[in-house]
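See structure below.
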Amino acid sequence: MEADSVSIWPRMEPFLLGALQVAPSSKLSLHYLRKMAIYVRTRDGCFPILGWPMWKHIACGKLQLPEDLAWLYFETFDLLIGHTPEERLEWAECLSQCSSKSELDQQRNKLSVDTVQFLLFLYIQQLNRMSLRTSLIGEEWPSHRTRSPSPSEREAKTSSQNKVPVNNWDDQAHLSFVQSHLAEIVELLVEPGQLSQSGQALRDCQISLEAVRSLGLLLEGSTCHGRAVQPVHRLLTKGLLQAQSGYSTLSRSFALHKLLSLEGTMKRAKIARNTHMAPPGSKMVLMSQIFKQTLAKTSDKLTGANIKIHRCSDSFIYLLSPLRSVSVDKCRDCTVVLGPVETSVHIHSCQNLRVVCVAGRIAVGVSSRCTIFALTPTYPLLLPGNTDITLAPYHTSYPSLEDHMASVGLAVVPNAWDRPLLLGTEGLANMSSNPDPACYRLLPPAEFHTLVVPFQMEGDTCEVPGGLPPPYQAAMDEKQKRIQNWQRTVLSFLVSREQKRQFQELVEVKFHEWLLATGHRQELDSLIPPTMASLKDSNGPAVDTSRVHDAKHIRTGQSPMP
């Protein structure tokens, strides 16, 4: 085989979206997953499809996991599956009609997943596991499974020592994890009849093609000359890798000891990340070190992409396209307004951040003084290390918002923005009934303002989808009433034209003083392009910013700044 003609690499998405950024339960170790792999293959109703009732039985009855945590894993895996927008909208509608826990359970009982892929998904939660020895000296105890790290891996490990959890965008960490644990991953594919009494795979055992097909969750690759990306089982069953992988066309199975030679191919993996040729789920866009700027994009390049916003400060970022996922990492003093995010928005190591989003899931970890204005069908996850997090209802719109929501399968109900879950090393806790004020609060209605997206675009959406929660709408109505009363009072005292002129000048002076004092002058100034031309992406529609100073963007009761 010409070694350099085939490359195999870990798929980014399962690690980016599926591996929860917190140390996993000890009940998800290989020891317990081996037992689960045997159990599901020897019980009716568990294989090849695993429904929620049986997973709940295994998780709660066998592994002693809390039900909410069991559902969190099941729901997170389901987010990775390629459901159509119509299927997601239908699911959201069914959930919104549930008025009791029993009705909710009936709906959840209809959900099922691929059993083997779900086992692999549970296994990769170990990505964010670190042993006590590792946390102290940065290296694992030697074992017969551990290979010598490459120089690049040693460099990556040195730079990330003593940091938990792993950065889920670190594709080198994903590659190192798969290489180091490939034998254990493949063991989960083995049929119970080919295991030793201790539960380990026999060297001469065979693994079926259907089982290896499940590896497509974690691995993909391509042949030479930049050809199309393919699932790993297709590469292993033809051409150069068929003999090396030990694939038999007669038995439609692989020899285990030869299949493990995949590791050698992965050492030469070339992990490409680009939006013009990447397959669905692998489009990546990185935005880093934006400083004192306003960045606004609506583009086909962004549609369906995984976005990372990294080390930005004192900036306003508008990404008004339907997105696959968003990670905001190490940012401070920024406002981030997102189009609908199909899977998850993850905020990590941020300070004084405002995020406005409709998303399948929202997770916040190791962050402080952050406010999240959200519409989400799942409970927001508050990971360890947070202080002074504020949760608030989604409070903006832009003309194509509802079309974008439909394209990623997100609806206005159910909306769980105000019911966060605390996920820590000791499990999961529902904090909605007894919030920890040091960790989070719900924004008081008296402090609430809506946000106006200051760009002209095409579309029909002109108000917040689904409306505001009643207490917040009442607060907005009361503010509007007070302003109308003030306007009538002012007009009753300003009789002459000269008085009106002087008063208007005074208001404008005070308003500009307020803009300077609060820093909002920078936001308004940065909305004006140098040539007063349309703001547009080279491959995207234009977004006209020429009217950002129009009164409609600063009218009473609404603000371009949350």
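Here are a few things to note about the model shown:
- Within segment 1-29, residues that are closer than 23 Å to Gln230 by Cβ have Cβ atoms under 7 Å from residues that are among the hydroxyl-bearing types (Ser, Thr, Tyr) and at pLDDT 90 or above in these pairs: Leu16/Ser325; Leu17/Ser325; Leu17/Thr343; Leu17/Ser344; Gly18/Thr76, counting only partners at least 6 apart in sequence or on another chain.
- Sole exception among (1) open to solvent by 40 Å² or more (accessible area, probe 1.4 Å); (2) at pLDDT below 90; (3) touching a Gly at 6+ places or on another chain (Cβ under 8 Å) for Val6, by number: (1)
- Selection status of Met54, modelled with pLDDT under 95 and either small (Gly, Ala, Ser) or not assigned by the TED database to the domain that holds Tyr379 (or both): no
- Conditions (1) free of Cβ contacts under 8 Å to residues at least 24 places away in the same chain; (2) open to solvent by 90 Å² or more (accessible area, probe 1.4 Å); number of the one not met by Glu463: (1)
- Residues (within 26 Å of His83 (Cβ to Cβ), open to solvent by 30 Å² or more (accessible area, probe 1.4 Å) and in contact (Cβ under 8 Å) with a residue 60 or more places away in the chain) located in segment 380-403: Glu402
- Remark: pairs (first residue in segment 484-506, charged (D, E, K, R); second residue part of a helix (DSSP H, G or I); Cβ separation under 7 Å; 6+ apart in sequence or on different chains) are absent.
The rows are residues; the columns are (1) assigned by the TED database to the domain that holds Thr335; (2) hydroxyl-bearing (Ser, Thr, Tyr); (3) loosely packed, with under 11 Cβ neighbours inside 10 Å.
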position: Lys479; (1), (2), (3): no, no, no
position: Glu505; (1), (2), (3): no, no, yes
position: Glu508; (1), (2), (3): no, no, yes
position: Trp514; (1), (2), (3): no, no, no
position: Thr518; (1), (2), (3): no, yes, no
position: Ser526; (1), (2), (3): no, yes, no
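- Check on Val364, of a type outside the set (Ser, Thr, Tyr), in contact with a Cys (Cβ under 9 Å, 6 or more places away or on another chain) and modelled with pLDDT of 95 or more: yes
- Sub-6 Å Cβ pairs linking a first residue in segment 285-311 that is in contact (Cβ under 8 Å) with a residue 60 or more places away in the chain to a second residue that is among the charged types (D, E, K, R), at least 6 apart or interchain, are Lys292/Asp314; Lys297/Asp537; Ser299/Asp537; Asn306/Arg324, ordered by first then second residue.
- Where Arg145 falls short, out of the listed (1) basic (Lys, Arg); (2) at pLDDT below 50; (3) part of a helix (DSSP H, G or I): (3)
Quick grid of which residues meet (1) more than 20 Å from Leu16 (Cα to Cα); (2) touching a residue at least 40 places away in the same chain (Cβ under 8 Å); (3) open to solvent by 30 Å² or more (accessible area, probe 1.4 Å):
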{"residue": "Pro53", "(1), (2), (3)": "yes, yes, yes"}
{"residue": "Lys56", "(1), (2), (3)": "yes, no, yes"}
{"residue": "Gln64", "(1), (2), (3)": "yes, no, yes"}
{"residue": "Leu80", "(1), (2), (3)": "no, yes, no"}
{"residue": "Ser96", "(1), (2), (3)": "yes, yes, yes"}
{"residue": "Leu104", "(1), (2), (3)": "yes, no, yes"}
{"residue": "Asp114", "(1), (2), (3)": "no, yes, yes"}
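- Of all residues in segment 260-294, those satisfying the criterion of being modelled with pLDDT of 85 or more and open to solvent by 40 Å² or more (accessible area, probe 1.4 Å) are Leu286, Ser288, Gln289, Phe291, Lys292, Gln293.
- Matching residues, segment 196-254, being over 31 Å from the mean Cα position of the chain (by Cα) and of a type in the set (Val, Ile, Thr): Ile207, Thr237, Thr249
- Leading residue by the ranking (most open to solvent (accessible area, probe 1.4 Å)) among those in segment 179-219 that are of a type in the set (D, E, K, R) and closer than 21 Å to Asp114 by Cβ: Glu210
- Filtering segment 230-242 to residues that are open to solvent by less than 80 Å² (accessible area, probe 1.4 Å) and modelled with pLDDT of 85 or more leaves Gln230, Pro231, Val232, His233, Leu235, Leu236, Thr237, Gln242.
The values are calculated or read from the model by the stated rules, or taken from the named source; none is laboratory data. Source: prediction; values computed, not measured. As a convention, Cβ positions derive from the backbone with ideal geometry for all residues, glycine included, and neighbour counts pool all protein chains shown. SASA here: full protein model, heavy atoms, side chains in, ligands and nucleic acids out. Shrake-Rupley method; radii C 1.70, N 1.55, O 1.52, S 1.80 Å.
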